[in-house]
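Working notes, structure below.
The values are calculated or read from the model by the stated rules, or taken from the named source; none is laboratory data. The structure presented is a predicted model; accordingly, all values stated were derived computationally and were not measured. Here the Cβ positions follow ideal geometry from the backbone for every residue, glycine too, while neighbour counts run over all protein chains shown. The protein model used for the area step is the full one, side chains on, heavy atoms only, and it has no ligands, DNA or RNA in it. Shrake-Rupley method; radii C 1.70, N 1.55, O 1.52, S 1.80 Å.
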Amino acid sequence: MERKISEALYSEAKNYFPGGVSSPVRAFKSVKGTPLFIKHGEGCYIWDEDDNKFTDFCCSWGPLILGHNNAPVRETIIETVSHGTSFGTPTRWENKLGQLILENNSYVDKLRFVSSGTEAVMSAVRLARGYTGKSKILKFEGCYHGHVDSLLVKAGSGLATFGVSTSAGIPDSFAKETLVLPLDSPDILDKTLEELGHDIACIIIEPVPANNGLLLQRKSFLEHLRKVCTAHNVLLIFDEVISGFRVGFEGAAGYYGIQPDIITYGKIIGGGMPVGAYASNAEIMGHVAPDGPVYQAGTLSGNPVAMAAGYATAQQLLQPDFYSNLEQKTKNFVQTIQTYCDNKNYGIHINTIGSIFWIAFSKEEITRADQIDAGSMDKFKILHGELLDRGIYLGPSGYEVGFVSAGHTEEALADAADKICTCMDIVFS
Ligand SMILES: *Cc1c(COP(=O)(O)O)cnc(C)c1O
């Protein structure tokens, strides 16, 4: 497989952009080779500049639940953009998407559109602080919430759980406002809230942690989290930028039947265009400007073209059996690979929920970030390279989950499962 044009474009890009990319993980630092430059997508397939064809399990990191170049989404975008791209005024499209979401989601009453998941999370945290008048926030190790200063933080050493930053450019004084706890650990959570609950504005969690492997949580832990947040007057934020519209139209809140205080959305909500949102009940959202004192704004927020893409996507997600079909397809795909690996006694466990899957190079069920063996990423690196050579595209890091879309046909999935099994033989040879 020739990748000469991608390679040339990548070396050119390095002259223009740090690392040659607009977002770090795209740079292929943790896998072999250089990034593919993609020029076309259709259904579950993408084509690179060298005209190689790949079955895509990255799906633009999650937004493309309908697959690439979905016809109704494309046509709605084209029709909308023919009237202009942005007005900086309210448009009918915001009402349409807002209504469609709120009428079909019993966990939120009002929302505010922004332009990315990061912006949604940043705004939700500000709202929680503004609403409660408290300053500290609490997150979990292994959850990613975008590149918000106060959330690019990991656990510090020792019993004191005050965070330390994971990026240069974040003052210690910011990081100290963030507490970091392990997932799936109710006792540590209880103790922390007993001691510091009076100072904590919110606890933020990915209810389906899917940015550091897929660290599925026990429902009882999430329920416990809900209970103790209420007891300590701490707002519970579900960061559903990945899980929202993915594990069901009502996201993880609906999947588990748990009512958070604020929910953040991104990825699928924009149907492949840059959109995020944060949502809550009417009382909490009443604190957002211009109704309330928590300021938050955006020049391109609620952009009509992006709203139209989100609307055309959401309409399709609301079709009967959309989610159960997608989940069943994903289950069959995962089961084929898991059974093959079990029969050969390969140390593989594939976690899956809805249409998300993650191949862990471990036999143990993994629920916390510290259980992931960094050494196992060498195996992923081999798998990724071998699959790429066979026309299967996984996200370029072993910590990234895979997505199955409505554009993945049974044939494409059977072919991909077959190739993944073949490559597992190579990985474990
Ligand atoms: C992707 C993601 C974000 C960040 O969204 P961007 O649109 O990349 O800024 C935040 N939280 C979660 C859970 C995500 O998966």
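Looking at THR80, THR89 in this structure, which one is of a type in the set (S, T, N, Q), away from the ligand (no atom under 16 Å from the Cβ) and outside any loop (DSSP other than H, G, I, E, B)? Spell out how you get there, then give the answer.
Details: THR89 fails: outside any loop (DSSP other than H, G, I, E, B).
The conditions single out THR80.
Can you tell me how many residues in region 125-144 are in a helix (DSSP H, G or I) and more than 16 Å from the ligand (Cβ to nearest atom)?
Filtering region 125-144 down to residues in a helix (DSSP H, G or I) leaves 125-132.
Among the residues that remain, those that are also more than 16 Å from the ligand (Cβ to nearest atom) are: 129-132.
Of the residues in that region, 4 qualify.
Could we say that PRO63 is of a type outside the set (Phe, Trp, Tyr), within 16 Å of the ligand (Cβ to nearest atom) and under 24 Å from HIS408 (Cα atoms) here? Let's see the steps before the verdict.
On the way: of a type outside the set (Phe, Trp, Tyr): yes; within 16 Å of the ligand (Cβ to nearest atom): yes; under 24 Å from HIS408 (Cα atoms): yes.
Yes.
What's the number of the only condition in (1) away from the ligand (no atom under 16 Å from the Cβ); (2) open to solvent by less than 30 Å² (accessible area, probe 1.4 Å); (3) not in a strand (DSSP E or B) that ALA168 fails to meet?
Of (1) away from the ligand (no atom under 16 Å from the Cβ); (2) open to solvent by less than 30 Å² (accessible area, probe 1.4 Å); (3) not in a strand (DSSP E or B), only one is false for ALA168: (2).
Report, by residue number, each residue of region 381-399 that is open to solvent by 10 Å² or more (accessible area, probe 1.4 Å) and under 19 Å from ASN345 (Cβ atoms).
ILE382
For the list (1) without any contact (Cβ under 8 Å) to a residue 40 or more places away in the chain; (2) within 16 Å of the ligand (Cβ to nearest atom); (3) out of contact with any Ser or Thr (no Cβ under 7 Å at 6 or more places or on another chain), I need the number of the one condition that LEU152 fails.
The failed condition is (3).
Residues to consider are SER397, SER376; find the one that is among the hydroxyl-bearing types (Ser, Thr, Tyr), in a helix (DSSP H, G or I) and not assigned by TED's automatic domain parsing to the domain that holds LEU216. First the steps, then the outcome.
Values: SER397 fails: in a helix (DSSP H, G or I).
It is SER376.
Residues being over 24 Å from GLY43 (Cα atoms) and either of a type in the set (Gly, Ala, Ser) or outside the structural domain of LEU222 (by TED's automatic domain parsing) (or both): count how many of those fall in region 254-295. If you could, list the steps in order and put the result at the bottom.
From region 254-295, those over 24 Å from GLY43 (Cα atoms) are 254-264, 277-295; that's our starting set.
Checking the rest, the ones that are also either of a type in the set (Gly, Ala, Ser) or outside the structural domain of LEU222 (by TED's automatic domain parsing) (or both) come to 254, 257, 277, 279-280, 282, 286, 289, 292.
Summing the residues that are over 24 Å from GLY43 (Cα atoms) and either of a type in the set (Gly, Ala, Ser) or outside the structural domain of LEU222 (by TED's automatic domain parsing) (or both) in region 254-295 gives 9.
Considering only region 217-243, state which residues are open to solvent by 40 Å² or more (accessible area, probe 1.4 Å) and in contact (Cβ under 8 Å) with a residue 40 or more places away in the chain.
The answer is ARG218, ASN233.
Output the residue which, of all residues in region 199-224 that are acidic (Asp, Glu) and away from the ligand (no atom under 16 Å from the Cβ), is nearest to GLY266 (Cα to Cα). Steps first, answer last, please.
Pass one, region 199-224, residues acidic (Asp, Glu): 199, 206, 223.
Pick out the ones that are also away from the ligand (no atom under 16 Å from the Cβ) and you get 199, 223.
Working: ASP199: 28, GLU223: 24 Å.
The selected residue is GLU223.
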